[in-house]
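The values are calculated or read from the model by the stated rules, or taken from the named source; none is laboratory data. Please read all numbers here as calculations on a predicted model, not as lab measurements. Please note: Cβ atoms are built from the backbone with ideal geometry, for glycine as well, and neighbour counts cover all protein chains shown. We work out accessible area using only protein heavy atoms, side chains counted, and drop any ligands, DNA or RNA first. Shrake-Rupley method; radii C 1.70, N 1.55, O 1.52, S 1.80 Å.
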Amino acid sequence: MSNTSGNTCPRILVVDDEAHLRELLEITLIKMGLDVDSAENLDIARALLAKNCYSLVLTDMRLPDGSGMELVEEVNLHYKNTPIAVITAFGSTDNAVIALKAGAFDYVSKPVALDHLRKLVRSALEINLVNAESEVASDVCEMTPASFLIGSSPGMQDVRAQISRLARSMAPVIITGESGSGKELAAREIHTSSSRAGKPFIAVNCGAIPETLMEAEFFGYRKGAFTGAADDREGFFQAANGGTLMLDEVADLPLAMQVKLLRAIQERRIRKVGATLEESVDVRIISATHQNLSTCVDEGRFRQDLYYRLNVIELHLPPLRERLDDIADLSAAILRKLAGGDVTLSPAALQALRAYDFPGNVRELENILERALAFANDGCIQVADLALRNHKKLPTEQHVDDVVQPEQIITGAISTKDEDVFSPPTLPCSLPEYLENIEREMIMRALEQTRHNRTQAAELLGVSFRQLRYQIQKLKIQD
């Protein structure tokens with residue numbers, strides 16, 4: 001079955017050697033208002049691809065004259081704007097992962113679930129629509145579209161180029177990088193650049209959910225499923241249905257939850273706590289971690305099969321110290337957000353920031369600038385206002401740029417006058433006690449600033465929720 005001349009209906013190519021399955025797929029697609037061509041082997045498929053333009057290619061993995069993987073590679077090489085999805089045998093999720101790594105848009109398992117097939121086709125058609133709109137927009141305006149990720153360094157240009165490619169696929173993505181490097185922003189950019197942009201984006205901090213509540217939070221629950229379950233409630237998967245679910249700090253998931261998450265990802269179905277029936281969900285998974293998941297697997301803290309499912313495509317975010325050329329743009333954007341553009345950085349302050357190694361990355365830069373706003377005079381942030389720890393004196397800096405000690409940051413005893421000189425404190429009698437006092441004071445200040453919201457306080461301090469909770473107990477802080 002093929003398009004007649006002048007017909008503008010989207011056309012799908014189905015490649016499968018099983019006649020009854022081809023017929024089922026053709027009928028389903030025609031009922032969706034689509035035109036369909038079919039091929040029983042690679043040779044016929046290649047001939048049709050050379051003659052026609054397709055909105056989606058759907059191919060079986062096992063064909064009489066070769067493998068569907070060959071077709072995946074050829075389509076990605078010669079027909080870059082054509083999404084290709086694969087049909088895998090029941091239980092052959094390994095093949096699906098291999099196909100996704102090779103560039104397949106998505107996959108569907110045998111026996112083919114028609115509701116899943118329809119969702120897959122709609123997603124492919126939406127990708128074609130997004131591509132067409134992008135081409136029109138680029139013809140009208142050559143300006144670079146707004147990005148969540150600020151910076152023009154080579155590292156960030158490479159990240160944005162990867163995101164552009166990732167947005168065309170439904171494959172799971174794992175974003176790696178140090179804490180504070182912008183992993184959630186990268187996930188949001190993948191989502192907003194994809195065909196799922198109009199659907200929900202749900203970000204979940206896996207380290208902030210108590211283990212006893214994880215299943216209910218992820219999959220929802222039925223009324224009466226447990227004490228306190230007064231009504232039915234949807235979980236993260238249902239909330240993200242049709243869109244993207246980001247699993248931040250996925251390495252913090254306990255092993256018991258990893259098993260349930262693996263099944264949900266593979267089967268694309270979940271069961272609420274207290275329910276007897278499963279329900280299908282259409283969710284793209286993006287996970288993120290600052291830990292080395294491969295090491296976690298070796299240490300037995302993370303399941304290898306789940307790692308294999310999540311780590312289909314990896315996106316690595318460079319730390320801020322490797323893209324210091326972006327400091328000026330990042331600082332300007334942060335100050336616009338914090339002060340509406342009424343405050344600027346002095347040249348010396350900008351130079352000092354570029355000389356700093358930023359162990360806390362972009363999140364630390366934001367905290368430094370937020371603190372500096374409290375000390376800045378006349379709408380201009382000076383070097384002393386930044387209160388950089390372990391800051392090395394630059395050749396162009398005077399006394400005011402000497403090292404600032406930690407207790408000066410905590411007490412706020414920082415002068416904004418250029419003629420002031422910092423004096424180093426006397427050595428403490430007990431270093432552990434001294435450091436504990438500093439840590440206790442910083443945690444108490446963070447809790448006070450966030451009105452004792454531990455989650456926000458943890459973000460402000462650049463640690464996980466569990467780390468903060470442990471330190472509060474260890475230091476016997478009353479909040």
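Residues in region 252-271 that are of a type outside the set (D, E) and open to solvent by 30 Å² or more (accessible area, probe 1.4 Å): L255, A256, V259, K260, R263, Q266, R268, R269, R271. Any residue that is part of a helix (DSSP H, G or I), farther than 15 Å from P172 by Cα, touching an Asp or Glu at 6+ places or on another chain (Cβ under 9 Å) and of a type in the set (G, A, S) - is there at least one of those in region 199-208? Checked region 199-208: at least one residue is part of a helix (DSSP H, G or I), farther than 15 Å from P172 by Cα, touching an Asp or Glu at 6+ places or on another chain (Cβ under 9 Å) and of a type in the set (G, A, S).
Determine whether region 179-192 contains at least one residue that is open to solvent by less than 10 Å² (accessible area, probe 1.4 Å), assigned to a strand (DSSP E or B) and at pLDDT 95 or above. No, because not a single residue in region 179-192 is open to solvent by less than 10 Å² (accessible area, probe 1.4 Å), assigned to a strand (DSSP E or B) and at pLDDT 95 or above. Can you confirm whether V112 is of a type in the set (A, V, I, L, M, F, W, C) and either over 19 Å from I265 (Cβ atoms) or assigned to a helix (DSSP H, G or I) (or both)? In short, no. Restricting attention to region 211-251, the residues that are in contact with an Asp or Glu (Cβ under 7 Å, 6 or more places away or on another chain), polar (S, T, N, Q) and surrounded by 22 or more Cβ atoms within 10 Å (Cβ to Cβ) total 0. The set of residues in region 315-342 being part of a loop (DSSP other than H, G, I, E, B) and not small (G, A, S) consists of L317, P318, P319, R323, D342. Scoring Q266 on the criteria (1) over 24 Å from A161 (Cα atoms); (2) part of a helix (DSSP H, G or I); (3) under 19 Å from the mean Cα position of the chain (by Cα) leaves a single failure, condition (3). Exposed (fewer than 14 other Cβ atoms within 10 Å of the Cβ) and at pLDDT 90 or above - does that describe any residue in region 340-353? Looking through region 340-353, at least one residue is exposed (fewer than 14 other Cβ atoms within 10 Å of the Cβ) and at pLDDT 90 or above.
If you take the residues in region 32-49 that are touching a helix residue (DSSP H, G or I) at 6+ places or on another chain (Cβ under 9 Å) and part of a helix (DSSP H, G or I), which one is nearest to Y79 (Cα to Cα)? Write out each step before concluding.
Here is the first cut: in region 32-49, the ones touching a helix residue (DSSP H, G or I) at 6+ places or on another chain (Cβ under 9 Å) are 32, 34-40, 42, 45-46, 49.
Then drop every residue that is not part of a helix (DSSP H, G or I), which leaves 42, 45-46, 49.
Details: L42: 15, A45: 13, R46: 11, L49: 9 Å.
Per the criteria, the residue is L49.
The residues of region 93-112 that are of a type in the set (A, V, I, L, M, F, W, C), more than 22 Å from the chain's Cα centre (by Cα) and more than 16 Å from V283 (Cα to Cα) amount to a single one, V112. Residues that are part of a strand (DSSP E or B), closer than 24 Å to V259 by Cα and either modelled with pLDDT of 95 or more or not aromatic (F, W, Y) (or both): does region 294-314 have at least one? There is at least one residue in region 294-314 that is part of a strand (DSSP E or B), closer than 24 Å to V259 by Cα and either modelled with pLDDT of 95 or more or not aromatic (F, W, Y) (or both). Among the conditions (1) open to solvent by less than 70 Å² (accessible area, probe 1.4 Å); (2) more than 25 Å from the chain's Cα centre (by Cα), the only one that T276 does not satisfy is (1).
Just so you know, in region 356-374 the residues that are of a type outside the set (D, E) and open to solvent by 50 Å² or more (accessible area, probe 1.4 Å) include one that is farthest from the chain's Cα centre (by Cα), and it is A374.
Condition check for A203 on (1) within 14 Å of L315 (Cβ to Cβ); (2) touching a residue at least 24 places away in the same chain (Cβ under 8 Å); (3) surrounded by fewer than 22 Cβ atoms within 10 Å (Cβ to Cβ): one failure, at (1). Taking every residue in region 297-325 that is touching a residue at least 24 places away in the same chain (Cβ under 8 Å) and under 25 Å from G103 (Cα atoms) and pairing it with any residue that is open to solvent by 50 Å² or more (accessible area, probe 1.4 Å) and not in a loop (DSSP other than H, G, I, E, B), at least 6 positions away or on another chain, the pairs with Cβ-Cβ distances below 6 Å are V312/K101.
Among residues of region 79-103 being in contact with a Leu (Cβ under 8 Å, 6 or more places away or on another chain) and not hydrophobic (A, V, I, L, M, F, W, C), the one that is surrounded by the fewest Cβ atoms within 10 Å (Cβ to Cβ) is Y79. Residue selection: E314 fails the criterion of being within 24 Å of S464 (Cβ to Cβ), surrounded by 18 or more Cβ atoms within 10 Å (Cβ to Cβ) and within 20 Å of the chain's Cα centre (by Cα). Quick check on S287: is it modelled with pLDDT of 90 or more, open to solvent by 40 Å² or more (accessible area, probe 1.4 Å), within 17 Å of E178 (Cα to Cα) and not in a loop (DSSP other than H, G, I, E, B)? No; evaluated as a whole, the condition is false for this residue. For region 50-77, taking the residues that are part of a helix (DSSP H, G or I), free of Cβ contacts under 8 Å to residues at least 24 places away in the same chain and more than 19 Å from C9 (Cβ to Cβ), the one that is most open to solvent (accessible area, probe 1.4 Å) is identified as L77.
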